[in-house]
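Note sheet for the following structure.
None of the figures in this text is laboratory data; all of them are computed from the coordinates on show. Computed from a predicted model, the values in this text were never measured in an experiment. Cβ placement follows ideal geometry from the backbone for every residue including glycine, while neighbour counts extend to all protein chains displayed.
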Amino acid sequence: METLKIDIQSDQEKKVLIAFLDSLSYHYRSESDDYILTDDQVKEMVRRKADFLAGKTTSRPWNEIKTRYEGV
């Protein structure tokens, strides 16, 4: 099996392509680069940003993080 990735520029192009694939009985799947966040996820991100701006977060040096994940 081979994968073919197509960058679709508009909804119209998508409709035409899907109709064509359906007419040939091709099996396909659709993946999107768009990330949809739930309301709870958005609230969590806003909270984390506020904590960061208020100086309530901690950080580690990049070398320490890099060393920890070197074997991954």
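Things to note:
- Among the GluC sites (Glu not before Pro) within region 22-72, those in coil by DSSP and having at most 15 neighbouring Cβ atoms inside 10 Å are Glu31, Glu70.
- Annotation note: chymotrypsin sites (Phe, Trp or Tyr not before Pro) in the chain located in DSSP loop regions with a Cβ neighbour count of at most 13 within 10 Å are Tyr26, Tyr28, Tyr35, Tyr69.
- Residue-by-residue Karplus 3J(HN,Hα) for region 55-61, coefficients 6.51, -1.76, 1.60, Hz, glycine and proline x: x, 8, 10, 10, 9, 10, x
- Note on Lys14: lysines with a C-alpha under 26 Å away, same-chain residues under 8 apart excluded, are Lys5.
- All other residues whose Cβ lies under 15 angstrom from that of Ala19 are scored, Lys and Arg at +1 and Asp and Glu at -1, for a net of -1.
- Label sites at Glu31 and Leu53, each approximated as a point 7 angstrom past Cα along Cα to Cβ, lie 3.5 nm apart.
- For the chain, the list of trypsin sites (Lys or Arg not before Pro) that fall in a loop by DSSP and count at most 13 other C-beta atoms within 10 angstrom reads Lys5, Arg29, Lys56.
- Taken about its Cα centre, the chain carries a charge dipole of about 500 debye when Lys and Arg each add +1 at the Cβ and Asp and Glu each add -1 at the Cβ.
- Principal-axis tilt of helix 11-23 within the chain, Cα atoms, nearest 10 degrees: 50
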